[in-house]
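One structure below.
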Amino acid sequence: MNRQKIVAGNWKMNTSLKEAGALVEGIITGSKNKNAVKKIFFPPFTFLKAVTDELINTDHFFTGAQNCSEHEKGAYTGEISVGMIKSVGAKYVLVGHSERRIYFNETSAQLKNKIEQVLKNELTPIFCFGEKLEERKSGKHFETVKTQLNEVLKDFDKNKIANFILAYEPVWAIGTGETATPHQAQEMHAFVRKCIGEMFDETIASQICILYGGSCNAQNAKELFACADVDGGLIGGASLKADDFCKIVESF
Ligand code: PEP
C-alpha cells in the first residue's frame with residue numbers, strides 16, 4: 001500500500017452519544033472537499049457502532065477502536081475483543097497509546113498480543129510510541145523509540161508491516177499544548193523509517209504511514225504535515241471540535 005494522508009481523531013473518554021453524532025455530522029459537512037485525506041474517528045467503545053453507522057454512505061471516513069483485548073474471547077470481564085470491534089464495522093485499532101502504557105501499565109509483550117489479534121481479524125493497527133520528557137532531555141529519545149519499535153514489531157511478517165500505521169507521539173507533547181517542532185517531528189519520523197528499513201526492508205520503510213501526535217492543532221498542522229516523513233496526524237483535544245478537525249484536514 002502506498003503512503004496515504006491521514007487525519008485520525010482520538011476522542012479518548014469524551015463525548016456523549018448525542019455529542020458524538022453532532023461531531024461526526026459537523027466534520028462530514030465541513031470536510032466534503034478533502035477526499036484525498038482519509039479521516040478516522042476513534043470514539044469511545046459505547047458509540048463505536050453508532051459512529052460507524054453514521055459513516056455508511058461516505059467515502060474516506062472510517063472508525064477505529066482506542067484499545068482492544070489481547071485475548072480472542074472468554075472470561076475477561078470488561079474487555080472488548082478485536083472480533084467485536086470488527087463486527088460493528090470498525091477498521092482500525094490504536095495499540096500502545098501512551099495513556100494505556102502509563103495508566104494501565106501495558107507492556108510490549110501485551111501490545112504484541114494485541115497486534116496479533118488485530119491482524120487475525122484483518123483490521124489495521126495504528127501502533128503508537130514515543131519518548132517521555134526525561135528521555136528527550138537526556139538525549140535518549142532515539143534509543144527509546146528504537147527499543148519500542150523493536151520490542152513490538154520485529155517478529156511480525158514483513159508483508160504485513162507495510163500496512164501498519166505508525167504514530168510517533170512524544171509523551172511530553174500529548175495534551176500539554178507543547179508540540180514537537182517540525183524539525184523534531186521530521187528528525188524522528190526519518191529515524192523511524194530508518195529503523196523500519198533495518199528491521200524489514202527499504203521498500204517497506206518508504207511505504208509505511210507515520211503519523212505525528214501531540215498537541216497537533218489547527219494552527220500548527222500545516223507546518224507539521226509539510227515535513228517529508230510526516231503522513232498526517234493523530235489528534236486528541238483538537239479532534240473534539242468539528243471546525244478544528246476540519247481545519248487540520250485542510251492543512252495538507
Ligand atoms: C493523543 O492522545 O493521541 C493526542 C495526540 O492528544 P493531543 O492531541 O490532545 O495532544
**Q.** Residue satisfying all of: in the range 196-226; touching a residue at least 24 places away in the same chain (Cβ under 8 Å) and more than 24 Å from G96 (Cα to Cα); farthest from the chain's Cα centre (by Cα) among these
**A.** T203
Q | Filtered residues of the range 157-179 (kept if more than 15 Å from A218 (Cα to Cα) and polar (S, T, N, Q)) | A | N159, N163, T176
(Q) One residue is enough: does the range 63-81 have a residue meeting the conditions within 14 Å of the chain's Cα centre (by Cα) and over 24 Å from L149 (Cβ atoms)? (A) yes
Q.
List the residue pairs whose Cβ atoms are under 9 Å apart, where the first residue sits in the range 88-112 and is under 22 Å from F41 (Cβ atoms) and at pLDDT below 95, the second is not in a helix (DSSP H, G or I) and not charged (D, E, K, R), and the two are 6 or more positions apart or on different chains.
A. none
Q. Could you count how many residues in the range 98-127 are within 16 Å of the ligand (Cβ to nearest atom) and of a type in the set (G, A, S)?
A. 1
**Q.** Of all residues making up the range 53-73, the number that are closer than 18 Å to K241 by Cα and in contact with a Ser or Thr (Cβ under 6 Å, 6 or more places away or on another chain)
**A.** 1
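The values are calculated or read from the model by the stated rules, or taken from the named source; none is laboratory data. Since we're looking at a predicted model, the values are computed, not measured. We place every Cβ from the backbone using ideal geometry, glycine too, and count neighbours over all the protein chains shown.
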